[in-house]
Amino acid sequence: MTMIARLAIIASILLCPAVLHAETLVVTADRMIDVLDGRVFENPVVVVTDGRITSVSSGGMPADLPEDAERLDLAGMTILPGLIDMHVHLTTTPRIGGFRRLNYTDSFWTTLGVPNARAMLESGFTTVRNVGADDYADVALRQGIEAGFYPGPRIVAATESFGVTGGHCDRNGLPPSLVDRDGEQGVNGVEEIRLQIRQNRRYGADVIKICATGGVFSRNTDVGAQQMTAEEIRAAVEEAHMLGMRVAAHAHGNAGIRAAIEAGVDTIEHASYLDDETIRMAIDRGTFFSMDIYNTEYTLAEGEANGVLEENLAKERQVGTIQRESFRLAVELGARHVFGSDAGVYPHGTGGRQFARMVRFGMTPLQAIQAATVTAAEALDRTADVGAIAPGRYGDIIAVDGDPLADITALEHVDIVIKGGEIAVDRR
């Protein structure tokens, strides 16, 4: 053997200590919800090695376990995959609404992401899709979490969400002097949209978020009105898909939803005003709905005290009930849903409350859980990594007392959170 070959072997050993010593966690429980097959798995034994699941079995321990494997026995509990929230805003808070935001410096909002990310993880959400953050703050949070500086979920970042001038994602409500100082935020026309997507990608975006219609929390917008043209939406989808990124479209109104579906958008956010034809179009095209049907309760109860303007509260009162009926209709017709809460409009860490609303408005408990696991993973195009307790995927596992298929509110109080084989929360 040559000296160069010997040095190469030594270097590989020094650089890859995991080859010499693999860290193994073995999780046992009374039952496991198998979201892939839609069944309950009794007495599961899940082995996680170096962050990924290596085996899932039932009954006795595998014979080849290393002697130093860590064991976590969750007697009486149900385990299921780490949850996925497809619509969050980590760098905001519902406690500061309306013009009160102007009391805070620009960089303040990034600092909110650290406790908000921790709250999401501790409530059982091991993966989140952050659909809009100024100054690429969601990328900064992702970097900090991945480097181990603070705890948080896996972040799929959209960076800057965008829409047209005067639209939902523009700087509405500010006087012209402030808009002139900070620069135009509206993105108009096919070429500007393509450039914005390329820039987002350059600075770390995993997904693209566009605003196709008006919204509840923007000023001077009609919540249901289409704002981006079909040509603009189509250009966004073409550019993002070419770069290997999926597209989420904020869309409340039916016309904007239809335009987004026809353009090939991957997920429709909010989807408040739906009719049968639009739902069937979504089913035919494979489009997912992400409908935040819990947060209206928080906004109407606490929004005024938090500084939310009456204009925005009026739009919330207008759209909340309609959105829930659209959700019920979409479930009945067989549309595919992912769990999207709009955390940030209500306090982070309380998103588990939405599961009960999803069941109240038409889903079975299993369907609601699948929306936040296997279906969400498919919408993210990350089925190799998250969304199920299955060999090869990350060891992202949560546990609750009792059986959430019998009482979905069990997911409002998650006792165990494991991310990548590391125990992040143990409340037993």
Dividing the mean separation of Cα pairs under 8 Å (6+ apart) by the residue count of the chain yields a relative contact order in percent of 19
Calculate how steeply helix 254-263 sits against the longest principal axis of the alpha-carbon atoms of the chain, using the helix alpha-carbon long axis, and give the answer as 0 to 90 degrees to the nearest 10. 50
Using only Cα atoms and rounding to the nearest 10 degrees, what angle (0 to 90) does helix 189-202 make with the longest principal axis of the chain? 30
Percent relative contact order of segment 242-387, based on C-alpha pairs within less than 8 angstrom and at least six residues apart? 22
If packing is taken as the average count of other Cβ atoms within 10 Å, what order do 113-120, 318-325 fall into, highest mean first? 113-120, 318-325
Rounding to the nearest 20 debye, state how big the charge dipole of the chain is about its Cα centre with +1 on each Lys and Arg Cβ and -1 on each Asp and Glu Cβ. 300
Net charge within 14 Å of residue 117 by Cβ-Cβ distance, Lys/Arg positive one each and Asp/Glu negative one each, not counting residue 117 itself? +1
Please give the helix 310-333 orientation as an angle from the longest Cα principal axis of the chain, in degrees from 0 to 90, rounded to the nearest 10. 60
Kindly write out, for segment 212-224 in residue order, the coupling ³J(HN,Hα) from the Karplus curve 6.51 cos²θ - 1.76 cosθ + 1.60 (θ = phi - 60°), rounded to whole Hz, with x marking Gly and Pro. 8, 9, x, x, 6, 9, 9, 8, 6, 10, 7, 4, x
FRET efficiency for residue 403 and residue 191, using Cβ-Cβ distance with R0 set to 56 Å, rounded to 0.05: 0.55
Built amide H within the under 5 Å cut-off of residue 337, gap 5+: 289
To make sure I understand, if each residue's beta carbon is the centre and we count other beta carbons within 10 Å, what order do 102, 112, 411 fall in, fewest to most? 102, 112, 411
Sorted by mean Cβ packing within 10 Å, highest first, what order do the peptides 127-139, 345-357 take? 127-139, 345-357
Could you go through segment 337-352 in sequence order and give the Karplus-derived ³J(HN,Hα) for each residue, using 6.51 cos²θ - 1.76 cosθ + 1.60 with θ = phi - 60°, rounded to whole Hz, and x for Gly and Pro? 10, 10, 7, x, 9, 6, 4, x, 6, 10, x, 4, x, 10, x, x
Select one label from (i) 143; (ii) 163; (iii) 193: the one whose number is volume of the Cα convex hull per residue in Å³ as derived from the coordinates shown. (ii)
Looks like segment 114-178, by Cα gyration tensor root eigenvalues a ≥ b ≥ c and the a/c under 1.5 rounded cutoff (else prolate when a/b is bigger than b/c, oblate otherwise), is prolate
When 358, 228 are ordered from fewest to most other Cβ atoms inside 10 Å of their Cβ, what list results? 358, 228
Taking amide H atoms as placed 1.01 Å from N in the peptide plane, list the residues 5 or more away in sequence, or in a different chain, whose amide H sits under 5 Å from that of residue 43. 31, 32
Sort the following peptides by mean Cβ neighbour count (other Cβ atoms within 10 Å, averaged over residues), highest first: 308-314, 89-95. 89-95, 308-314
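Quick note: the coordinates plus some simple rules give every number you see, no bench work behind them. This structure is a prediction, so every number in the text was calculated from the model and none was measured. Because the Cβ atoms are built from the backbone with ideal geometry, glycine has one as well, and the counts that use them run over all protein chains shown.
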